[in-house]
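One structure below.
The values are calculated or read from the model by the stated rules, or taken from the named source; none is laboratory data. Please read all numbers here as calculations on a predicted model, not as lab measurements. Because the Cβ atoms are built from the backbone with ideal geometry, glycine has one as well, and the counts that use them run over all protein chains shown.
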Amino acid sequence: MLTTEKKILQAATKLFSEHGYKGVSTRSIADLAGVNEVTLFRHFQTKSNLLQSVIRHFAFEGNIIEKLSKDITGCIKDDIIVFANVYHMFLENNIKMYKIQIKEIDEDGKKFTNSIEYTRFMEEYFIKKIDEGKFTGDPYLVSTSIVSMIMGIFTLKEYAPDIFEGTNYKSLIKKFAEDIVHLYVVN
């Protein structure tokens with residue numbers, strides 16, 4: 001038997017993907033889930049929080065930070081490439097949720113929660129590497145640059161594919177990561 005929260009998440013996923021964020025009311029989500037609208041708000045407080053929970057819960061890889069924690073090796077040169085590749089694959093595997101976020105959330109909503117958490121995780125990693133004497137870059141700037149570059153490539157590939165027509169994305173991402181290593185990693 002599904003929990004109330006799970007019923008609401010499934011109903012929200014179905015309706016958001018069919019009608020977009022703005023095209024769905026919390027009442028319609030509650031109705032489809034078979035719960036009262038007050039129950040929906042008791043669990044999620046706001047519609048934006050509900051969307052972020054949908055994204056976290058139904059993202060292909062699940063929690064991206066948990067996945068990343070298992071994939072990093074401690075070798076900063078390798079880990080920078082892991083950071084870039086894991087984030088790119090996360091976007092590729094979650095295109096439906098990405099498109100809902102980029103098109104639908106209003107200015108009061110929290111956009112790209114997984115990306116924000118991902119950036120913070122990388123920033124903390126780079127701070128540790130500075131403390132170990134292995135990294136010289138600005139942790140916030142470098143982590144933000146990695147996420148921005150990957151998201152930029154991904155967005156242009158989805159919405160303006162002619163710009164990068166014929167581009168090998170994996171090679172482009174690998175070159176970017178190698179350049180970061182060259183600039184900021186202490187040998």
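A single member of Gly74, Gly166 is assigned to a loop (DSSP other than H, G, I, E, B), exposed (fewer than 15 other Cβ atoms within 10 Å of the Cβ), at pLDDT 90 or above and not assigned by TED's automatic domain parsing to the domain that holds Ser25, and it is Gly74.
Of all residues in the range 3-25, those that are assigned to a helix (DSSP H, G or I) have Cβ atoms under 7 Å from Cβ atoms of residues that are among the basic types (Lys, Arg), 6 or more apart or on another chain, in Ser17/Lys96.
Applying the criterion of being small (Gly, Ala, Ser) and in contact with an Asp or Glu (Cβ under 7 Å, 6 or more places away or on another chain) to the residues of the range 5-37, the residue that is surrounded by the fewest Cβ atoms within 10 Å (Cβ to Cβ) is Gly20. So, of the residues in the range 1-29 that are of a type outside the set (D, E, K, R) and over 23 Å from Lys99 (Cα atoms), which turns out to be farthest from the chain's Cα centre (by Cα)? Selected residue: Met1. Of all residues in the range 173-187, those satisfying the criterion of being in a helix (DSSP H, G or I) and either touching an Asp or Glu at 6+ places or on another chain (Cβ under 6 Å) or surrounded by 14 or more Cβ atoms within 10 Å (Cβ to Cβ) (or both) are Ile173, Lys174, Phe176, Ala177, Glu178, Ile180, Val181, Tyr184.
Is it the case, given these coordinates, that Ile153 is buried (at least 18 other Cβ atoms within 10 Å of the Cβ), at pLDDT below 95 and farther than 21 Å from Thr73 by Cβ? Spelling it out, Ile153 is indeed buried (at least 18 other Cβ atoms within 10 Å of the Cβ), at pLDDT below 95 and farther than 21 Å from Thr73 by Cβ. Only one of the numbered conditions (1) at pLDDT below 80; (2) in contact with a Phe, Trp or Tyr (Cβ under 6 Å, 6 or more places away or on another chain) is not met by Phe60, and that is (2).
Scanning the range 111-140 for residues that are more than 17 Å from Lys77 (Cα to Cα) and of a type in the set (A, V, I, L, M) yields a count of 1. If I filter the range 122-144 down to residues being touching a residue at least 12 places away in the same chain (Cβ under 8 Å) and farther than 20 Å from Asp71 by Cα, which single residue comes out as surrounded by the fewest Cβ atoms within 10 Å (Cβ to Cβ)? That would be Gly133. How about the range 145-162: which of its residues are more than 14 Å from the chain's Cα centre (by Cα), more than 19 Å from Ile65 (Cα to Cα) and free of Cβ contacts under 8 Å to residues at least 60 places away in the same chain? Selection gives Leu156, Lys157, Tyr159, Ala160, Pro161, Asp162.
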